[in-house]
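Inspection log for the structure reproduced underneath, given as structure tokens.
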Amino acid sequence: MDDKLKEVYSPAQFKKLGYELVDMLSTYLENAQQETIPANNYFDPADQFRYWKNYQLNPDLPTSLFKDIIDRSIQIHHPKYMGHQVCAPAPIGALASLVSSVLNNGQAIYEMGGSATAMEKVVVDLMVNKVGYDSHGDGFLTSGGTLGNLTALLTARQQAVNGDVWENGLGEQLGVMVSAEAHYSVDRAVRVMGLGAKGIIKIPAGKNFSMQTDLLDEYYEKAKKDGIRVIAVVGCAPSTSTGMHDDLEAIGRFCQQRKCWFHVDGAHGGAAVFSNKYKPLLKGIEQADSIVIDGHKMLMTPALITFVLYKNKHNSFATFRQKAEYLLDISGEEEWYNGAKRTMECTKLMMGMKFYAILKIHGEEVFGQYVTLMYDLGKTFAEIIAQNPNFELALMPDTNIVCFRWVKNGLSTNEINVINARIRETLLRENEFYVVQTSLNNLVYMRTTLMNPFTNEIHLKQLLSKIEAVALEIYK
Ligand SMILES: *Cc1c(COP(=O)(O)O)cnc(C)c1O
């Protein structure tokens, strides 16, 4: 072997650099928690690209590469990170990710990842039980909620057409009904399935931004008249922009009557099955034919890890039933241990191991503690906003997603929209806080998702003061 290749695989070098890296990452965690670094390090895309294109590595200190990456990244472990719904992962989960990267067990077939496959079954079984399915329930892990929603809707389609679509393609116009407030991945999944614009039927959301379930019958009948066979209804638990939950019981009843597939997109909020306090938000989830829950959102696990759960185990094997004899057993047996039979992926990360490690090392109760703490903080923040005359709360939140805007008497709607968008832009560039922006009924809101257990009331009050100061600068 070439000396260069020997060096690439050198265990001694791995050890040396690994120690340096773990030191560096624990310093990062400490700095973020202690707020001695800013929450973000924003650069314009062109600057960021130029930097990495011209980057010169110090050959005597290879891990300086990682230091530079940390310094030019958003710091999700920082208490003033309050933006998108990606969790600050439990560090033990990150160590498990390292094991996954070193072992690189592909998991497509059992022999290529025996431990990881069995661990996946352990964590999926736990989740099946948590959502309230009986012994017929089952599921698997996949790479993200987007792929999870697509996979579950493919199962719904397969079931609706008795598997025919693999051989003959689609012979009729099918449709999926979902709240107008749903995450865009549902819309994308329906179009990927070839159902076109006609196939995605958006049910208007009511004042509280959840699906107006009393309109389901009307939209169903209208679709039927237009020649569309509705095969599934998707419930949001919760929707992404506002974090509000659809009435899953009502959707479940409707699906039962109409014999439609009932899918719950619980990418964010499905995690509340671990919280005694917030579990009631998911009432009716056990009626769903399929459920998606992200581990990398509200379950403290490094991305990506998504649970796709089925009420009826057989359905989980129906999605991709096709001939791939070289890889899969053609007997058609329902083998839980040959992952690729049920997932879009062939090679898949050892993702279950990350969740399993958190579960074994910290115990199941931490998941509930985390969800309860963050959802409680959402309520606290909403109350703080509601008491401040310079702000308007979009609505009382169900979860840790809180939308609000700066307001002032005498300004037009448009002026307030422009100022709020500029406030958010200023916050982004100043790096102290990270919040995002959304638009609800044509009004611009700032949107926070409180993902970090180190965020407290003081940080939230500091955010509002900061916004008031920025608004004053813009407005004067
Ligand atoms: C985040 C989210 C998704 C997408 O999940 P990814 O894991 O980012 O692919 C889908 N639906 C909802 C409700 C979400 O919040």
Pairwise label distance in nanometres, ASP125 with ASN441, each label 7 Å out on the Cα-Cβ vector: 4.9
Kindly rank 54-67, 223-236 from highest to lowest mean number of other beta carbons found within 10 Å of each residue. 223-236, 54-67
What does the charge dipole of the stretch 344-465 about its Cα centre add up to, to the nearest 20 debye, if the Cβ of each Lys and Arg holds +1 and the Cβ of each Asp and Glu holds -1? 260
Cα gyration tensor category, rounded, prolate or oblate, for the stretch 69-171 with a/c compared to 1.5: prolate
Please report the relative contact order for the chain, taking Cα pairs under 8 Å with a sequence separation of at least 6, and give it as a percent rounded to a whole number. 21
Just want the answer: with Cβ charges of +1 for Lys and Arg and -1 for Asp and Glu, which residue in LEU98, LEU17, ILE201 is farthest toward the dipole's positive end in the chain? ILE201
About its Cα centre, how strong a charge dipole does the stretch 397-476 have in debye, to the nearest 20, once Lys and Arg get +1 and Asp and Glu get -1 at the Cβ? 140
Residue separation times 0.36 nm, minus the C-alpha to C-alpha distance between ASP134 and ARG191: what's the value? 17.3 nm
Measuring from centroid to centroid over Cα atoms, what is the spacing of the stretch 403-417 and the stretch 45-90 in Å? 35
When the helix-only estimate is applied to the chain (DSSP H runs of n ≥ 4, each -39,500 (n - 2.57), divided by the residue count), what is the mean residue ellipticity at 222 nm, nearest 500 deg cm²/dmol? -13500 deg cm²/dmol
Would the stretch 263-323 count as rounded, prolate or oblate if I go by the C-alpha gyration tensor, calling it rounded below 1.5 in a/c and otherwise prolate when a/b exceeds b/c, oblate otherwise? oblate
Please report, in Å, the Rg and the Dmax of the stretch 334-476, where both are computed over Cα atoms only. 20.2, 67
Set the bar at 19 Å for Cα to Cα. Now go through LYS121/LYS341; LYS121/LYS279; LYS198/LYS224 and name every pair that lies beyond it. LYS121/LYS279
Ordered by packing density, taken as the mean number of other Cβ atoms within 10 Å over each peptide's residues, highest first, how do 166-174, 370-378 rank? 370-378, 166-174
Quote the charge dipole size of the chain about the Cα centre in Debye, to the nearest 20; the model charges only the Cβ of Lys and Arg (+1) and of Asp and Glu (-1). 660
Once the Cα gyration tensor of the chain is diagonalised, semi-axes √(5λ) in Å: 36, 34, 20
Under a straight-distance cross-link criterion of Cα-Cα below 17 Å, which lysines are reachable from LYS476, leaving out those fewer than 8 residues away in the same chain? LYS408, LYS466
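No lab work stands behind these numbers, since they all come straight from the coordinates. The model shown is predicted, which means the values in this text are computed figures rather than measured ones. Positions of Cβ are generated from backbone atoms using ideal geometry, with glycine treated the same way; all protein chains shown enter the neighbour counts.
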